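A.B. asks: Quick one: the structure is below, questions incoming.
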Amino acid sequence: MEPKISEKAWDPKLENAILKKWEEEKLYDFELLDNNYTIDTPPPYPSGRPWHIGAASHYAQIDMIARTARMSGKNVYFPIGIDRNGLPVELYTEKKHGIRMRETERGEFLDLCKSALDDLEAEMIQIMKSLGLSGDFKNYYRTDSEDYRKFTQETFIDLWKKGVIYLATRPNNYDWVSGTTIADAEIVYEEIPTKLVYMKFITKETKKEIIIASTRPELLCACKTVIVNPNDERYSDLIGKELIVPLTNNEVKIIPHHSAKIEFGSGAVMVCSYGDQNDVALFRELQLDEVIAIGLDGRMTEVAGEYQGLKPKQARTKIIEDLENANLVEKIEDISHRTPLSERSRIPIEIVPMEEYYLKQKDSLEKMKKLGEEIDFYPNMHKQILMNWLDSISIDWPISRRRFYGTEIPIWYCNKCSEPFVPEPGKYYRPWKDKCPVEKCQKCGNTEFTGEERTFDTWMDSSVSPLFVTKFNRDEEFFKKTYPTAIRPQAKDIVRTWLYYTLLRCEKLTGKKPWSEAWIMGYGLDEKGMKMSKSKGNAIDPLPVIEKSGADTFRFWSASEINQGYDFRCSEQKIESTRKFLSKLWNVSRFLSSFPVIKSGKLSESDKWILSELDKLISVCKEGYSKYNFFIPSTAIREFTWNIFAAQYIEIAKARAYGIGFTDEERDGAIFTLHKVLSTILKLLAPITPFITEHLWQTLYSQDSIHKENLPDIENVTDMSKMTQLLAEFNSKVWNEKKQKELSLKDSIKMDVPEILSQFKKDLIAMHNLESN
RNA sequence: GGGCUCGUAGUCUAGCUCGGUUAUGACGUCGCCCUUACACGGCGAAGAUCCGGUGUUCAAAUCACCGCGGGCCCA
């Protein structure tokens, strides 16, 4: 029989046609049923080119989750969205057009951001599609659409009415370059060289010199107290005494406090508003009156006297000079200081008192822990990231940002009495340009309003993704049948933010957890294990890699190379070399395609042996799939297909399949088994490499898509796996013998089949052309 | 400084729960071979102080303790 497959290798270019076919057949369209399996897909953020190859790998694996569920009989709802709110696109736009956000008209700036996002988004969608994501692309959503923003605002209005949102003036992490408050989660720490200045303070009564070391001498004007460790004997007689602050000549008290480290600097520490988070804690604890030394423009305020208007760094240089001139410096050390930076703009943050909106979270921590306990994490170890975070939350969540490209906070303020007006839900509000929806202030009757200019923290949008996709408050039946969703797949680095905030928001709005399972993936690193970044030049663009090697190659690489939850290294060479396995699978199929597909046959012992190995493979794969760990099935299938099925069984059964020296019944046993094994392998592999399995399946076995099949079940045949090693060893022995004697493989050779393999005797004799001694 | 976590050939990884095999497989490297499914193949080779130390034991990659190193988080 002519083989149905003639090409010698799998051509990744076939993927396009398969994609088109899936689309035409609407294979992955979602229709609401009762057994829905909803994936809370992460909407990726288009922050620049190229998209991260680790992210592409991440989405490939999320698709494997979807396909696994589908092949387990679930009705999979796999939404696709794009997250488009937030700071990165603003910075991207500023850079791209050489403009400053605050010096550009707001509407115009938003338009520029939007078109930048459109470009970046198009490429991401293309990558997601070409990866073969079986998602609901037709209904893909954007978090900056009117619909989504309206939804975010509605959830805010709801929470406002529930009284869990409040305004408060508090020291905030402030990024003066971006001009916005940032959350603790957006701070990164970096070792930065700085000067530790040992300054001379004088005791008021005895005029004794006290040395105090600080990296922030420019905050002398905001110094409110000096702390020493209660166990520090050097200072025990000075506790409670007054000190004169150098240059400002203010008087401050020496107070004992455990947070002063005896060995750091001189052991005495000045407490200012605000040098660092410890200062904030001390001001709160000791109820000190704060002094605003640094303003919202990132410059020293009038309390800094002659240093007013300088940036902190400039003021520092100047003050050190002045201190030295006044002989108020003992010494200066160059040290490396762990400095908190804004994750986005990479500048040191300042702690500045500001009025911002807060969402209560401290009172929900216990509830969050309980919900966290109820959610299954894959791998389980990453649940700890959430639990540790819950233990360290000390303030409520500041949700307002002084930025442009985000969901507007829907509030207007009365120009006369400042009463806030929060509108009814149901519309998308833009207070910075829309007229206030009411005519008169409910409190004082005034008719003039000012719209809120701030936007929400971007996590306010993305944290309602499971509610948005399940149509919360918009389609009751849909919501009831899809929420709580089945699974949240996401990356490890945003557990503290996206995962936690989603838990918080969804619980506050619905009283229920958003998902039953959370699947956490590590980061993609470069081939040396370094973080990829555009500036380092080690970023790999996923698009050409996928175009060259094909989506299945990329997907199989992702599955077989990445250990669940761990960071992984990406190398183009390694991805490309994965293709060899697909080629092997192709050629196995090509060989089998010359035999008819038959329903049954008389099974020989070797057939029973390979079917028992196949049974083992099925259970290993299903176990791996049930844990969403694709490393397990991919490596098990590769091992089985290459080293057992192709290398041993096909060789053993080949002669019988050709029917030379065997009865038709015996021949049919071989042909039946060959197809049985291959078709099972294809089904087992379909969630990982959907294209090649689809192509081979439709060429060999069915008109219909393999993706409508279920994963195979084990048949509980007698375990014969102890024969595997013995067969391989015997075959290898014969091949080596022939090689040594310079015989061709089809030449006959005098060798006996060992007693232990006697049940396979007939196949082995035919296979090796053995003559008995 | 604290917490979590990891540490097996150049790379990924199995084995570790429950101690005993020449430490598994793959990629890559090197050598030989175009044998009719496949040179994107076959056969073979080299490559590992199983992070280090101490202890328990007849026996430790595996158990215990102490270190060291990486990553993440928190201070």
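A.B. asks: So, in segment A:565-596, exactly how many residues are farther than 23 Å from A:Lys683 by Cα, among the aromatic types (Phe, Trp, Tyr), near RNA strand B (Cβ under 6 Å from one of its atoms) and outside any loop (DSSP other than H, G, I, E, B)?
C.D. replies: Selection size over segment A:565-596: 0.
A.B. asks: Of the residues A:Ala66, A:Ala60, which is of a type in the set (A, V, I, L, M), modelled with pLDDT of 90 or more and within 16 Å of RNA strand B (Cβ to nearest atom)?
C.D. replies: Of A:Ala66, A:Ala60, the one residue that is of a type in the set (A, V, I, L, M), modelled with pLDDT of 90 or more and within 16 Å of RNA strand B (Cβ to nearest atom) is A:Ala60.
Residues checked against (1) of a type in the set (Val, Ile, Thr); (2) closer than 19 Å to A:Tyr28 by Cα; (3) crowded, with 23+ Cβ neighbours inside 10 Å; (4) at pLDDT 95 or above:
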residue: A:Gly659; (1), (2), (3), (4): no, no, no, no
residue: A:Asp664; (1), (2), (3), (4): no, no, no, no
residue: A:Phe691; (1), (2), (3), (4): no, yes, yes, yes
residue: A:Leu696; (1), (2), (3), (4): no, no, yes, yes
residue: A:Ser705; (1), (2), (3), (4): no, yes, no, yes
residue: A:Leu711; (1), (2), (3), (4): no, yes, no, yes
residue: A:Val717; (1), (2), (3), (4): yes, no, no, no
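A.B. asks: When the residues of segment A:417-434 are narrowed to those that are over 39 Å from the mean Cα position of the chain (by Cα) and not hydrophobic (A, V, I, L, M, F, W, C), which ends up surrounded by the most Cβ atoms within 10 Å (Cβ to Cβ)?
C.D. replies: Per the criteria, the residue is A:Glu419.
A.B. asks: Which of (1) assigned to a helix (DSSP H, G or I); (2) away from RNA strand B (no atom under 11 Å from the Cβ); (3) surrounded by fewer than 21 Cβ atoms within 10 Å (Cβ to Cβ); (4) touching a residue at least 40 places away in the same chain (Cβ under 8 Å) is the odd one out, the single condition A:Lys599 does not satisfy?
C.D. replies: (1)
A.B. asks: Return the residue satisfying two criteria in turn: it lies in segment A:293-316 and is surrounded by 14 or more Cβ atoms within 10 Å (Cβ to Cβ) and in a helix (DSSP H, G or I), and of such residues it is nearest to the chain's Cα centre (by Cα).
C.D. replies: Among residues in segment A:293-316 that are surrounded by 14 or more Cβ atoms within 10 Å (Cβ to Cβ) and in a helix (DSSP H, G or I), the one nearest to the chain's Cα centre (by Cα) is A:Pro312.
A.B. asks: What tally of residues in segment A:622-646 results from selecting those that are within 11 Å of RNA strand B (Cβ to nearest atom) and not in a helix (DSSP H, G or I)?
C.D. replies: Selection size over segment A:622-646: 1.
A.B. asks: Same structure, new question: Tell me yes or no: at least one residue of segment A:54-71 is part of a loop (DSSP other than H, G, I, E, B), touching a Cys at 6+ places or on another chain (Cβ under 9 Å), over 22 Å from A:Pro484 (Cβ atoms) and not hydrophobic (A, V, I, L, M, F, W, C).
C.D. replies: no
A.B. asks: Continuing with this model, one more query. Of the residues A:Tyr658, A:Tyr649, which is aromatic (Phe, Trp, Tyr), within 16 Å of RNA strand B (Cβ to nearest atom) and closer than 30 Å to A:Ile562 by Cα?
C.D. replies: Exactly one of A:Tyr658, A:Tyr649 is aromatic (Phe, Trp, Tyr), within 16 Å of RNA strand B (Cβ to nearest atom) and closer than 30 Å to A:Ile562 by Cα, namely A:Tyr649.
A.B. asks: Out of segment A:355-388, which residues are at pLDDT below 90 and aromatic (Phe, Trp, Tyr)?
C.D. replies: Result: A:Phe377, A:Tyr378.
A.B. asks: Take A:Glu290 and decide whether it is of a type in the set (D, E, K, R), over 18 Å from A:Glu324 (Cβ atoms) and either within 41 Å of the chain's Cα centre (by Cα) or within 16 Å of RNA strand B (Cβ to nearest atom) (or both).
C.D. replies: So A:Glu290 fits the description; yes.
A.B. asks: Count, please, the residues in segment A:553-564 that happen to be under 12 Å from A:Gly54 (Cα atoms), among the hydrophobic types (A, V, I, L, M, F, W, C) and more than 10 Å from RNA strand B (Cβ to nearest atom).
C.D. replies: So the count comes out to 1.
A.B. asks: Something else now. Could you list, in sequence order, the residues of segment A:359-403 that are part of a loop (DSSP other than H, G, I, E, B) and more than 10 Å from RNA strand B (Cβ to nearest atom)?
C.D. replies: Within segment A:359-403, A:Lys360, A:Gln361, A:Ile375, A:Asp396, A:Ile399, A:Arg402, A:Arg403 meet the criteria.
A.B. asks: Right, next: Would you pick out the residues in segment A:322-334 that are part of a helix (DSSP H, G or I) and within 18 Å of A:Ile212 (Cβ to Cβ)?
C.D. replies: Result: A:Asp322, A:Leu323, A:Glu324.
A.B. asks: Then there's this: Check whether at least one residue in segment A:340-352 is in contact with a Phe, Trp or Tyr (Cβ under 7 Å, 6 or more places away or on another chain), of a type outside the set (S, T, N, Q) and in a helix (DSSP H, G or I), and report yes or no.
C.D. replies: no
A.B. asks: Grab the strands (runs of 3 or more DSSP E) fully contained in segment A:114-206, keeping just those with 1 or more residues being in contact (Cβ under 8 Å) with a residue 60 or more places away in the chain, within 16 Å of RNA strand B (Cβ to nearest atom) and out of contact with any strand residue (DSSP E or B) (no Cβ under 6 Å at 6 or more places or on another chain).
C.D. replies: Correct list: A:165-175.
A.B. asks: Go through (1) crowded, with 16+ Cβ neighbours inside 10 Å; (2) touching a residue at least 12 places away in the same chain (Cβ under 8 Å) one by one and return the number of the condition A:Phe264 breaks.
C.D. replies: With (1) crowded, with 16+ Cβ neighbours inside 10 Å; (2) touching a residue at least 12 places away in the same chain (Cβ under 8 Å) applied to A:Phe264, the lone miss is (1).
A.B. asks: Can you name every residue in segment A:713-728 that is more than 21 Å from A:Ile650 (Cβ to Cβ) and among the hydrophobic types (A, V, I, L, M, F, W, C)?
C.D. replies: Within segment A:713-728, just A:Ile714 meets the criteria.
A.B. asks: Quick check on my filter: what residues within segment A:719-758 are at pLDDT below 80, surrounded by 12 or more Cβ atoms within 10 Å (Cβ to Cβ) and within 23 Å of A:Ile610 (Cβ to Cβ)?
C.D. replies: Hit for segment A:719-758 is A:Leu745, nothing else.
The values are calculated or read from the model by the stated rules, or taken from the named source; none is laboratory data. The structure displayed is predicted, hence computed values, not measured ones. For neighbour counting, all protein chains shown are included, and Cβ atoms are generated from backbone atoms with ideal geometry for every residue, glycine included.
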